[in-house]
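The values are calculated or read from the model by the stated rules, or taken from the named source; none is laboratory data. Only a predicted model underlies this, so the values are computations on that prediction, with no experimental measurement involved. Every residue, glycine as well, gets a Cβ built from its backbone with ideal geometry; the counts of neighbours run over all protein chains shown.
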Amino acid sequence: MTYRGAKLAVLAAELSAVVGPDGVIADRQRLRTYECDGLAQYRVVPGLVVLPESAEQVVAVVRACAALGVAFVARGSGTGLSGGALPHAEGVLIVTSRMRRILEVDPANERAIVEPGVINLDVTKAAEPYGWYFAPDPSSQQVCSVGGNVAENSGGAHCLKYGFTTHHVLGVEVVTPEGELVWLGGTTRDVAGYDLLGAFIGSEGTLGIATKIVVRLMRTPESVRCLLAAFPGVDEAGAAVSAIIADGVTPAAIEMMDALAIEAAEAAVACGYPEGAGAVLIVELDGPAAEVEHTFAAVRQHCTAAGAFEIRVARDADERARFWKGRKSAFAAVGRISPDYIVQDGVIPRTVLPDVLRRITELSAGTGVRVANVFHAGDGNLHPLVLFDEAKPGEAQAAEQLSGAILDLCISYGGSITGEHGVGIDKACHMPRMFTTDDLDVMQRLRRAFDPAGICNPGKVFPTPRLCGEVPGKRKGVHPLQAAGLAEQF
Amino acid sequence: MTAGAFDDHHPPAAELIKDCVHCGFCLPSCPTYLLWGEEMDSPRGRIQLMKAGLEGEPLSESMVGHFDACLGCMACVPACPSGVQYGTLIADTRAQVERRYERSLSQRLLRGAIFWLFPYPRRLRALRGPLALYQRSGLSRWLRRTKLLDRLPATLQVMESLIPTLTRRQQLPQWVPAQRQRRAVVGMLTGCVQDALFPDVNAATARVLAAEGCAVVIPRGQGCCGALSQHSGREDEAITFARALIDCFDAAGVDYIVVNAAGCGSAMKEYAHLLRDDSHYAPRARAFVERTRDISELLAELGPIAPRHPLNITIAYHDACHLAHAQQIRSQPRQLLHAIPGLTLTEIPEAHLCCGSAGIYNLLHPKPATELGDRKARNLLTTGASVLVTGNPGCSMQIAASARRLGHPLTVTHLASVLDASIRGVPLCDPSSAPTTPAHQNR
Ligand SMILES: Cc1cc2nc3c(=O)[nH]c(=O)nc-3n(C[C@H](O)[C@H](O)[C@H](O)COP(=O)(O)OP(=O)(O)OC[C@H]3O[C@@H](n4cnc5c(N)ncnc54)[C@H](O)[C@@H]3O)c2cc1C
Ligand code: SF4
Ligand code: SF4
């Protein structure tokens, strides 16, 4: 047995004392079921998997790891799309799927307290009877965990009006990488001192493990209206989006799908979108009934003026759910029209949407790689789905290149390399394109303040020489921070 | 392919496994994931294990354990946006496991006993006498009171708790003429468990079909459809049963084959896949599948002609997994129930979740099955309904047993019995009101 193997064996024994023998997985075949998250092209079989059931158990697990200097990675439902929960071969994967109690629903104080493994949609289900809901609604809301949402600062279709997870979390109980149990934020809207909670949300599991989350609840809107508008192409649909926003309307959501994405959704869930549409928009408005009625009419008008050839208005909750079904299942549905695909995630200023889409179409035509487009149009958050067949030589590489080129495009238009899926392992190498060395150093210092030993989800978010090879931004010589003994490169 | 878990005879297909994009959307639909919260007992994890098996991982005890723990409820199939054919994957996997993996002696004995008994209507019927005696003699109550029952092996305890109170069994005739105009000639599967333990349901099914204009052919000596064997990976046995049943109903010359047990219906609709290598039977199997209908499916298709009488009851309808998930039959039974005047239909929370019966799953895995059964019963009790209607005998027994255990005995009945009561204008669940014609008495 190697030295590291021996360490893991010691840990396995210690951890079974903490979480019980059926909470520790050490058998290779079982471990293999945890080798990847929602981004299946990166695979690493974890050294060990633990399934704690309480914050106290997480503390004990993290302390045991820290004592032996073993790396650990948190995982919720494993739906992340940037490889954030990719395990460490010689480390421990700490999975929160058994921490799924909703501890408190307190409508009077507009909040609920949940464990990190609770499924996003289950928070809304628990609050619904009181007339409240949890606003962040990633398309994966039926399965992703609130802990994962916090780590990724996830958003969804309704972020346009309601913001991301960070706007809906009041406090988090965190086990720090050194095994301390601390609260960041609290149970009220604002707390004194530095906004450490803000730093933690979106930290992709690199600053510790959330063990309790105080989420803010929102009142279920009095009225919701939803329409589906079909356009000849994305240009017309994009123009409609700009016109609606320019008019001062803030819809709860504006989502766009192009022809290829529609084809996939039809194949998967038979959503019955208007035939012959080159693009569809789903526009949803919510709020007080009178206001919604008024703005809804304006939205319809803008769609028609921009060239919509069919507009359907949802008559009831069922029809509204049908409109959304096509959109919400679009990523996974692409599996119906292509054996493999990359889900890209980039952000651009909304006004350049038509330009960027045209450039993507050109790139696609130039390389022969098909791209289906799904996006949160109101936010300028693009999700190009780059299609390929791994079995065909060269296709994977061409898709990878195109997908990277799309990110470059986003950056060149003043946008970002991720809107909501995070950096994880997948985009770590792109970070130097967006940030200067100084920026990255500051981030690294923050990370080290939480995790001096560098054992908490190492290798994610920041570029490492091994991961990124010769990509731009690779440093030469010893880094000043390293020389000063403040940081290690990992 | 010698290394690895599977041999060349229909391993789980790599192309089907590839359809899985690892999105996890199926996780919350899976009962075992809900119970244990671990990846290898989720659909995504099981598919990953199949993949590992194809890539060379051996068929180990732990791998087999996770395949065995799958209820086969198929809730993951409609939940999957990528259209992964999990049903086919797990069926092929189970057949490999049965062929290539040697279970412990006690497991082999238990399975041997189950498969000696259940797929044989005559053997099951032979048990009716002793069982009725056991129930009526007070022995059952005595065993319970003295807690002697708790000393029995778990599987026997479960079996004991499941058996419904037996009613008189009527031997059905081989031919029941259609009332009113004749709209179809249908063959009726009487089943094994349905026939032995719920003979009223079969009688009601025949009466409802006749009232709705179907001439009913009930071939004597029809065997088992092979559902339990098929769903447990006993491929050869399942094939033998399937061929015999195809022969039987082909000879009957019927337009449709009607089934009132969800598990049987879903297995029969798999015959084309099961017999895909059999050049003689494959085309016949396809034609057989074309003609196979669940009772609710056929009645909804034909549309009602028999007038309904009011039934002033509140019922909850339970989706049997093998109807809702495996055959996509959800609206038809509800539509038929809604059409009964006076009847109030309620929905059960977590409707998609399996009750834990799952063929012989509750006999092989009593603990998780009981947890699921109790969860279903608790959900059901929140509806306030006094009657539960479902389309599968296994579910009926499982949920009734859980409700009894929770101290809330329930009337559990079949859709056919409700329709029969409404058509005949008699109260539901009053066995004394069951007419003795056209059948004669027989125990
Ligand atoms: C089909 C599909 C659609 C999606 N749609 C959207 C979308 O619309 N919007 C969106 O934002 N995302 C979307 N996602 C991505 C993903 O669902 C989200 O990032 C989600 O928040 C991840 O949650 P999870 O529980 O699966 O986390 P995991 O994938 O398990 O983990 C994600 C990251 O969080 C960390 N983490 C997990 N739990 C904790 C914890 N308790 N404490 C600290 N760190 C933790 C992990 O280390 C990892 O870095 C989609 C994914 C899929 C597959
Ligand atoms: S929902 Fe379908 S594609 Fe997604 S993980 Fe489950 S089986 Fe795979
Ligand atoms: S068939 Fe049922 S138990 Fe088996 S994996 Fe699918 S959902 Fe889970």
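For the range B:12-40, a residue qualifies if it is more than 7 Å from chain A (Cβ to nearest Cβ), more than 13 Å from ligand 2 (Cβ to nearest atom), in a helix (DSSP H, G or I) and not β-branched (Val, Ile, Thr), and the qualifying residues are B:Ala14, B:Glu15, B:Pro31, B:Leu34, B:Leu35, B:Trp36. Condition check for B:Ser62 on (1) facing chain A (nearest Cβ under 9 Å); (2) polar (S, T, N, Q); (3) within 18 Å of B:Arg234 (Cβ to Cβ): one failure, at (3).
Scanning the range A:2-37 for residues that are at the interface with another protein chain (Cβ under 8 Å from one of its Cβ atoms) and of a type outside the set (Asp, Glu) yields a count of 8. Looking only at residues of the range A:71-85 that are away from chain B (no Cβ under 12 Å) and part of a loop (DSSP other than H, G, I, E, B), we find that the one that is farthest from B:Glu39 (Cα to Cα) is A:Ala71. With respect to A:Leu184, is the statement that it is of a type in the set (A, V, I, L, M, F, W, C) and more than 12 Å from ligand 1 (Cβ to nearest atom) true? Against the criterion (of a type in the set (A, V, I, L, M, F, W, C) and more than 12 Å from ligand 1 (Cβ to nearest atom)), A:Leu184 does not qualify. For the range A:253-329, the strands (runs of 3 or more DSSP E) that sit wholly inside it and include 2 or more residues that are in contact with a Cys (Cβ under 9 Å, 6 or more places away or on another chain) are A:279-287, A:310-313. For the condition closer than 26 Å to A:Val70 by Cβ, away from ligand 1 (no atom under 16 Å from the Cβ), assigned to a loop (DSSP other than H, G, I, E, B) and not assigned by TED's automatic domain parsing to the domain that holds A:Ala377, A:Ala449 does not qualify.
Here the range B:38-64 is the region considered, the condition is being within 13 Å of ligand 3 (Cβ to nearest atom) and of a type in the set (Gly, Ala, Ser), and the residue that is nearest to the chain's Cα centre (by Cα) is B:Ser42.
Of all residues in the range B:82-94, at least one satisfies being within 16 Å of ligand 2 (Cβ to nearest atom) and over 29 Å from B:Ile239 (Cβ atoms).
For B:Gly45, the conditions (1) buried (at least 21 other Cβ atoms within 10 Å of the Cβ); (2) more than 8 Å from chain A (Cβ to nearest Cβ); (3) within 14 Å of ligand 2 (Cβ to nearest atom) all hold with the exception of (2).
A:Val45 meets all of the listed conditions (1) touching an Asp or Glu at 6+ places or on another chain (Cβ under 9 Å); (2) surrounded by 22 or more Cβ atoms within 10 Å (Cβ to Cβ) but one, namely (2). Restricting attention to the range A:92-120, report how many residues are more than 14 Å from A:Leu217 (Cα to Cα) and within 14 Å of chain B (Cβ to nearest Cβ). The qualifying residues number 14.
Residues in the range A:23-37 that are surrounded by fewer than 19 Cβ atoms within 10 Å (Cβ to Cβ) and without any contact (Cβ under 8 Å) to a residue 12 or more places away in the chain: A:Asp27 only.
For the range A:138-218, which fully contained strands (runs of 3 or more DSSP E) count at least 1 residues that are of a type in the set (S, T, N, Q)? Give the derivation first.
Numbers: elements: A:169-175, A:181-185, A:209-216.
Output list reads A:209-216.
Of all residues being of a type in the set (D, E, K, R) and in a loop (DSSP other than H, G, I, E, B) in the range B:196-234, which is surrounded by the fewest Cβ atoms within 10 Å (Cβ to Cβ)? Just the residue, please. Top of the filtered list is B:Arg220.
Among what's in the range B:69-92 and is within 14 Å of chain A (Cβ to nearest Cβ) and among the hydroxyl-bearing types (Ser, Thr, Tyr), pick the residue that is nearest to ligand 3 (Cβ to nearest atom). Among those that are within 14 Å of chain A (Cβ to nearest Cβ) and among the hydroxyl-bearing types (Ser, Thr, Tyr), it is B:Tyr86. Between B:Leu127, B:Leu131, B:Leu149, the distinction of being at pLDDT below 75 and not assigned by TED's automatic domain parsing to the domain that holds B:Leu245 belongs to B:Leu149 only. Looking across the range A:76-89 at every residue that is within 11 Å of ligand 1 (Cβ to nearest atom) and free of Cβ contacts under 8 Å to residues at least 60 places away in the same chain, the one that is farthest from A:Gly454 (Cα to Cα) is identified as A:Gly78. When A:Ala396, A:Ala330, A:Ala391, A:Ala377 are screened for being touching a residue at least 60 places away in the same chain (Cβ under 8 Å) and either within 14 Å of chain B (Cβ to nearest Cβ) or within 16 Å of ligand 2 (Cβ to nearest atom) (or both), only A:Ala330 passes.
When A:Ala40 is tested against (1) under 26 Å from the mean Cα position of the chain (by Cα); (2) within 12 Å of chain B (Cβ to nearest Cβ); (3) touching a residue at least 24 places away in the same chain (Cβ under 8 Å), exactly one condition is not met: (3). Answer yes if at least one residue in the range B:56-74 is at negative phi and within 15 Å of ligand 1 (Cβ to nearest atom), and no otherwise. No: zero hits. Has the range B:102-114 got at least one residue that is more than 10 Å from every other protein chain (Cβ to nearest Cβ), of a type in the set (Val, Ile, Thr) and within 14 Å of ligand 3 (Cβ to nearest atom)? There is no residue in the range B:102-114 that is more than 10 Å from every other protein chain (Cβ to nearest Cβ), of a type in the set (Val, Ile, Thr) and within 14 Å of ligand 3 (Cβ to nearest atom).
Scanning the range A:333-374 for residues that are in contact with a strand residue (DSSP E or B) (Cβ under 6 Å, 6 or more places away or on another chain), in a helix (DSSP H, G or I) and within 14 Å of chain B (Cβ to nearest Cβ) yields one hit, A:Val334. Quickly run through the range A:297-344 and pick out the residues that are closer than 18 Å to A:Ser223 by Cα and aromatic (Phe, Trp, Tyr). Passing the criteria: A:Phe323, A:Trp324. Would the range A:176-197 turn up any residue that is under 30 Å from A:Leu93 (Cβ atoms) and of a type in the set (Phe, Trp, Tyr)? Yes; the residues of the range A:176-197 include at least one that is under 30 Å from A:Leu93 (Cβ atoms) and of a type in the set (Phe, Trp, Tyr).
Determine, yes or no, whether A:Ala270 is of a type outside the set (Ser, Thr, Tyr) and within 15 Å of A:Leu385 (Cα to Cα). No; evaluated as a whole, the condition is false for this residue. Of the candidates A:Ala60, A:Ala89, the single residue that is more than 11 Å from chain B (Cβ to nearest Cβ) and not in a loop (DSSP other than H, G, I, E, B) is A:Ala60. Checking each residue of the range B:1-11 against the condition of being crowded, with 17+ Cβ neighbours inside 10 Å, closer than 28 Å to A:Leu51 by Cβ and either in the same structural domain as B:His318 (by TED's automatic domain parsing) or within 16 Å of ligand 3 (Cβ to nearest atom) (or both) gives no match. Residues that are touching a Lys or Arg at 6+ places or on another chain (Cβ under 6 Å), among the aliphatic types (A, V, I, L, M) and buried (at least 21 other Cβ atoms within 10 Å of the Cβ) are absent from the range A:98-115.
Condition check: more than 16 Å from ligand 2 (Cβ to nearest atom) and under 30 Å from B:Tyr33 (Cα atoms). Does B:Arg123 satisfy that? No.
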